[in-house]
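Asker: Before I ask anything, here is the structure I am working with.
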Amino acid sequence: QPAQRILEIGAGTGRALLYLSQHVGPGGVVVGLDLSGGMLGVAQRRLHNKAGHPNFILIQADGFYPPLANDLFDAVFFSFTLELFDTPELTPILDRCHRLLKPNGRIQVVALARPKPPGLVVRIYEFFHRLLPTLVDCRPIPTLTLLSQAGFVIRSSNRISMWGLPVDVICAQRPS
């Protein structure tokens with residue numbers, strides 16, 4: 001939405017930041033947070049070369065401890081980042097997102113889904129994740145359940161398939 005503040009946790013090379021920065025319009029700002037300085041360097045170049053106006057801020061920091069104020073953002077976005085956090089960290093990171101969002105703020109999550117029961121493709125993928133965790137770094141998570149347990153109200157939920165793996169695309173809202 002125009003003139004809104006959006007945070008992307010795990011901004012990486014800035015592909016989503018570029019899209020978001022072109023759509024928040026004047027008065028809006030997009031903040032990209034990533035642990036990797038190298039990734040943020042790529043994002044910086046991408047955004048400076050293609051963004052219509054400099055309405056973005058890049059911050060190198062751990063997404064688990066975002067150095068940002070409460071009630072600051074209209075939306076928080078994760079794209080294949082939430083499932084990189086260790087299982088015990090998932091609830092605390094969503095609690096932090098709850099804190100960062102303004103009342104009625106939205107959280108959008110795109111993540112590998114872990115359906116119940118997990119199908120054969122998911123079980124094979126999880127096997128390789130356990131065997132080669134640095135190569136197969138993401139892992140399927142119960143996204144809907146996690147967001148609901150963190151106090152978010154689910155506004156929309158779609159499950160798509162990517163290379164045979166289920167992917168959740170969820171928009172939820174912090175209650176007022």
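The values are calculated or read from the model by the stated rules, or taken from the named source; none is laboratory data. Predicted model only: the values in this text are computed from it and were never measured. Note that each Cβ is placed from the backbone with ideal geometry, even for glycine, and that neighbours are counted across all protein chains shown. In case anyone asks, the SASA skips ligands and DNA or RNA and just uses the protein heavy atoms, side chains included. Shrake-Rupley method; radii C 1.70, N 1.55, O 1.52, S 1.80 Å.
Asker: Over the range 55-176, give the accessible area per residue in Å² for a 1.4 Å probe, as an integer.
Answerer: Using a 1.4 Å probe on heavy atoms only, each residue of the range 55-176 averages 52 Å².
Asker: So what's the angle, to the nearest 10 degrees on a 0 to 90 scale, between helix 87-100 and the longest Cα principal axis of the chain?
Answerer: 30
Asker: I'd like the orientation of helix 37-50 relative to the chain: the angle between its Cα long axis and the longest Cα principal axis, in ° from 0 to 90, rounded to 10.
Answerer: Result, in degrees: 50.
Asker: While we're here: What do you get for the angle between helix 120-131 and the principal long axis of the chain? Use alpha-carbon atoms, 0 to 90 degrees, nearest ten.
Answerer: Tilt of helix 120-131: around 80 degrees.
Asker: Something else: In the chain, what percentage of the DSSP-assigned beta bridges are antiparallel, given to the nearest 5?
Answerer: The antiparallel proportion sits near 45 percent.
Asker: Taking 0.36 nm per residue of separation and subtracting the Cα-Cα distance, what length does fully extending Leu72 through Asn158 add?
Answerer: 28.2 nm
Asker: Let me ask something else about it. Count charges around Val122 for me, please; just the other residues with Cβ under 11 Å from its Cβ, Lys/Arg as +1, Asp/Glu as -1.
Answerer: +3
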